[in-house]
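Structure, as structure tokens:
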Amino acid sequence: MTHRRYILSALACVILLSAAVHAQMYAPERDPCGYPDTTSSLYKQVASVGWGYGYDTLRYDLQQWKKSPFVVVDSIGATVQSRTMYMVTIQDTAFSFAVRTRIWIHARTHPNEVQGTWVTNEIVKILLSNTPMAKKLRDSCVFNIVPMYNPDGVELGKLRENANNIDIESNWSTTPSQPEVAVLRSMFTRLMAKENPIRIALNMHSAYGTSRYFVYHTAAGTSPLYSAMQIRFIDTVRSNFPGAIQPYTFFVSWTSTAATQYPESWFWYNHHEKVLALTYEDMNDTAAKSFDKTANAILHGIGDYLGILDRPVFVAAATRLPEGFELSQNYPNPFNPGTTIQFTLSRSERVLVTVHDLLGRRVALLTDEVMDAGMHRLQWNAASFSSGMYLYTVEAGGVRMTKALTLLR
Ligand SMILES: [Zn+2]
């Protein structure tokens, strides 16, 4: 709908105009997820058993996952009906990174969108496996996963609501807030205050129909940089499951117009490009399958997006470029066990800082985030590494610079 039509409406009726503006602003935001036919026998049958994956099933799975040395399960709060909300944290703490990139995933906001849960469960399974990808992701990242954000709704056979009949996807700015919203929001706030705040946040749903897609937020509602980040991430995930996931143009949404109404817009409003926050929609349809392939594509996409998987080592002699950034020699050097890497950005950039050994194996990811212009310092604590020469690389704005540092134990 164009602005011209609003003006015509205004001439006719001011009250109708305000309703129309409201619809125009919020319609693109509306999550088209869900299940359409609430009268079918299949619907009633599946709803009565927690949509095929209830709270007890989750608690059984948590017990299984907890057997892994990489898993910690925490209670992070309680629902309206006092059910515990669980968070699964996955990482390999044996590997000592100064900064482990934090990935957030939550599922099952809308109880009937169980496919989002199944993809999430496959993500957990892959992360606990022994594949090279899983190992690299556990080494470089910490995953915080809330597999069931709305257990009351699941147990009560609700479509989209919690026990108070509130949609906890779209009531992030309502006061007083629903207990489930308050729990997630306070987790976000706590994690964003950490040394390694959330970098990628995925909100797992499923939509009626036979398409898998991410809800892309346009540059007009966010920023050109944020738009580019989303497009790169979505393209990267898609390339790992060719033909199965729609391009970013499939479902387009705004963010700034809804301020803090949704989890993604809460992230945008409070943290802008620092967090890539996206809703993923699987198929809420009997055609939905391949949850393992989708999970693999998402994880592979995360690894590729962050530059964790199969990144070639590049050694450059250059120390300074006319534009972009300046990289200083680390200090102290030689060092034991900690050293500081300092660089100066000429403009705000996404910055990746890594350390490799002389065989080209990446041994540490020090940061991967958007940083402001100016001087930055990062610490590398190499207490768990053996003596020798290592290479540290800073990448920003398409420029990559490498210097050597020496650990003397
Ligand atoms: Zn949904």
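Observations, loosely collected:
- From the list Val124, Val119, the lone residue that is within 16 Å of the ligand (Cβ to nearest atom), in a helix (DSSP H, G or I) and surrounded by 22 or more Cβ atoms within 10 Å (Cβ to Cβ) is Val119.
- Output for segment 286-306, where each listed residue is buried (at least 16 other Cβ atoms within 10 Å of the Cβ) and part of a loop (DSSP other than H, G, I, E, B): Ala288, Ser290
- Meets criteria (of a type outside the set (Gly, Ala, Ser), within 16 Å of the ligand (Cβ to nearest atom), over 27 Å from Gln379 (Cβ atoms) and out of contact with any Lys or Arg (no Cβ under 6 Å at 6 or more places or on another chain)) for His110: no
- Subset of segment 127-142 [of a type in the set (Val, Ile, Thr) and in a strand (DSSP E or B)]: Val142
Here is a yes/no grid of residues against (1) in contact with a Cys (Cβ under 9 Å, 6 or more places away or on another chain); (2) surrounded by 15 or more Cβ atoms within 10 Å (Cβ to Cβ); (3) polar (S, T, N, Q):
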position: Thr174; (1), (2), (3): no, no, yes
position: Ser211; (1), (2), (3): no, yes, yes
position: Thr222; (1), (2), (3): no, yes, yes
position: Val237; (1), (2), (3): no, yes, no
position: Thr255; (1), (2), (3): no, yes, yes
position: Tyr269; (1), (2), (3): no, yes, no
position: Leu278; (1), (2), (3): no, yes, no
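- Set Ile198, Ile168: member being among the β-branched types (Val, Ile, Thr) and within 14 Å of the ligand (Cβ to nearest atom): Ile168
- Top-ranked residue in segment 143-160 [being modelled with pLDDT under 95 and not in a helix (DSSP H, G or I); ranked as nearest to the ligand (Cβ to nearest atom)]: Arg160
- Some residue of segment 236-244 being at pLDDT 95 or above, within 16 Å of the ligand (Cβ to nearest atom) and under 24 Å from Val370 (Cα atoms): no
- Residue that is more than 27 Å from Pro132 (Cβ to Cβ) and either of a type in the set (Val, Ile, Thr) or more than 30 Å from the chain's Cα centre (by Cα) (or both), where the choices are Val394, Val353, Val399, Val363: Val399
- Neighbours by Cβ (under 8 Å, 6+ apart or cross-chain): first from segment 396-409, charged (D, E, K, R); second in a loop (DSSP other than H, G, I, E, B) and at pLDDT below 85: Arg400/Phe314; Arg400/Ala316; Lys403/Thr319; Lys403/Gln329; Lys403/Asn330; Arg409/Asn336; Arg409/Ser387
- Close Cβ contacts (under 9 Å, 6 or more residues apart or on different chains) running from residues in segment 183-211 that are not assigned by TED's automatic domain parsing to the domain that holds Gly301 to residues that are within 16 Å of the ligand (Cβ to nearest atom) are absent.
- Residue in segment 377-385 that is aromatic (Phe, Trp, Tyr), more than 27 Å from the chain's Cα centre (by Cα), assigned to a strand (DSSP E or B) and not assigned by TED's automatic domain parsing to the domain that holds Lys135 present: no
The values are calculated or read from the model by the stated rules, or taken from the named source; none is laboratory data. Everything numeric here is computed off the predicted structure, so don't read it as measured data. Note that each Cβ is placed from the backbone with ideal geometry, even for glycine, and that neighbours are counted across all protein chains shown.
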